Amino acid sequence: MPPRPQTRMRRCATLLLLLLVAQLQLAAQSAAPLTLVKAARLFDPRTGNVLAPAAVLIAGDKIKQVGSSSQIGVPAGAKIIDLGSVTLLPGLIDGHTHLFLDIIVLPEAEQYRHANGLFAPGLLLAIVESPSKRALLGAQLAREDLESGITTVRNLGHSGVDGDTELRDAINAGRVPGPRILASGRKLITPGEYVQNLNPALTDAILQQEFLLIEGVDRGRQAVRQNELQNVDVIKVSADENLTVPELAAVVEEAHRHHLRVAVHAIDTTSIQTAIDAGADSIEHGNDATDEQLRLMRDKGIYFDLTPTFYGGGYLKMAEPVIVIPPAARAERLSSAARGKQRYDQLVRRVLKSGVKFAAGSDMCWFYAGETRGQASIAALLNLRAAGMSSLQTLRAITSNAAEMLGWQDRIGSIEPGRFADLIAIAGDPVADITQLEHVRFVMKGGKVIRNSVAPLP
Ligand SMILES: [Zn+2]
């Protein structure tokens, strides 16, 4: 049956509109300032291929063309940034961070007095102090991440009510420097997680500043809608043994209805199973995952977001410059770090063998004396290499794989035409020496140079 005239007219109008939009986009692109970045090499983490010598032509904030210098030439009016002998890589992605927490370790004796003694006291202080102070902390840590080459982060909770969505918007508006942020807003938890034993007169008021409580299926859906009202990019749920599959499944369904992915914190086997059965999009940490659970995750396409934050004695590295650790406690920490390292090496091996999709996050929420947030985060991410991943797999976990986990593979995670011009440069070959990522020489975000210790700024 031929289409009715009215439908035909509507189609014509739609076509005309599409043509107009395409023309406007072309016009905007051709008017955008051109920048040509040249370097000895460009490394593509997805393929492992090296382009040498390399040139990246940027129009405005997007990559327009990638090729050898002779292929691209020098387009008229292009600003040239010649970085010489470095290797270009896509900007790094931290799949799991907390920009609004910077917890200083408490003395050992004090830790043992509190339930969850290492984390909860610092968390409570962050909640009850001024939100303005916390916002400024977030701005500082965001800038420090960016300066180290992390051009995108997924911030998964602990930002007060709206710290991360507001910081995201302030960065996007050019008010403060920082990475692209995918913000989760408040974390969804079951009652009793994270903090207990609060003053009963203040408990609800304190918890509401940081969390949304899942108490039954309806409250779960409502929590997603509340975050949706705050314009979040992703939903973060913390699963423990109290969270039921129907509760989490309702959260996932509601989130997906709003086109939001769901990242689920799950460490023990029961919580991991809940996350799998409820259809989570990524499982954060996942430390106790069994081989069968890895297989299920692979079959369901659930991302494994590894967080090797304390791998190989991270606690002592963080605590020793800040507090006095009695010899007996130190010995205990050392042996527990060795046991933890062994378990994590096995986990990484099993993850790689299973074929499950993986990415990585620093889970950084700690204060490391003498290090910026960016330095601490990258050191944590590179623990994956020490835990048995190849350099290439580690690089993928914090570039192309992470972009796909975020659902942003068409915007970030690779140096390709159409992607944001988020580039970093390091000395040497990242496959031979991945620790070069701890000394990033050049950072560009959206075509704008953030730092350049290679060449004088043009
Ligand atoms: Zn976390």
Exercise. Which of the pairs Lys38/Lys62; Lys64/Lys445; Lys300/Lys353; Lys38/Lys357 have their Cα atoms more than 21 Å apart in this structure?
Worked result: Lys38/Lys357
For this session: Would you pull out the residues with amide H under 5 Å of Ile450's amide H, same chain only if 5 or more places away, H placed 1.01 Å from N?
Result: Val443, Met444, Lys445
Problem set entry | Length added when fully stretched, Leu125-Gln209, from 0.36 nm per residue minus Cα-Cα | 29.0 nm
Exercise. Taking R0 as 35 Å, what's the FRET efficiency between Asp218 and Gln196 from their Cβ-Cβ distance, rounded to 0.05?
Worked result: 0.90
Exercise. Taking R0 as 45 Å, what's the FRET efficiency between Ala76 and His258 from their Cβ-Cβ distance, rounded to 0.05?
Worked result: 0.50
Seminar exercise, completed: CD proxy, 222 nm, the chain: helix-only mean residue ellipticity via -39,500 (n - 2.57) per DSSP H run with n ≥ 4, per residue, nearest 500, stands at -12000 deg cm²/dmol
Exercise. Which residues make up the longest stretch of the chain that has no trypsin sites (Lys or Arg not before Pro) in a DSSP loop with at most 12 other Cβ atoms within 10 Å?
Worked result: 176-458
Seminar exercise, completed: Once Lys353 and Ala432 are pulled to full extension, the length gained, defined as 0.36 nm per residue separation minus their Cα-Cα distance, is 26.2 nm
Exercise. Using the membrane-span-like helix rule (whole DSSP H runs, Cα extent along the own axis of at least 27 Å, mean Kyte-Doolittle hydropathy at least 1.0), which helices of the chain qualify?
Worked result: none
Exercise. Once you put a point 7 Å from the Cα of Ile104 and another 7 Å from the Cα of Thr290, both along the Cβ direction, what distance in nm separates them?
Worked result: 4.5
Problem set entry | Cα-based shape type of the stretch 302-458, given that a ≥ b ≥ c are square roots of the gyration tensor eigenvalues and the cut on a/c is 1.5 | oblate
Seminar exercise, completed: In the chain the DSSP beta bridges are antiparallel at a rate, in percent to nearest 5, of 40
Problem set entry | Principal axis dimensions, largest first and in whole angstrom, of the chain by Cα | 67, 62, 46
Exercise. What residues qualify as long-range amide H neighbours of His158, i.e. H under 5 Å apart, gap of 5 or more or another chain, H built at 1.01 Å from N?
Worked result: Lys187
Problem set entry | Cut-off under 5 Å, modelled amide H: who pairs with Met364 long-range | His98
Seminar exercise, completed: Simple SL model, points at 7 angstrom along Cα→Cβ for Asn242 and Leu334; separation in nm is 3.9
For this session: Please report, in cubic angstrom per residue, the volume enclosed by the convex hull of the alpha-carbon atoms of the stretch 243-371.
Result: 125
Exercise. So, in nm, how far is label Val50 from label Ala31 when the simple model puts each one 7 Å beyond its Cα toward the Cβ?
Worked result: 4.2
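Every number here is computed from the coordinates shown, using simple stated rules; none is lab data. From a predicted model like this one, the values you see are computed outputs, not experimental measurements. Cβ atoms come from the backbone with ideal geometry, glycine included; neighbour counts cover every protein chain shown.
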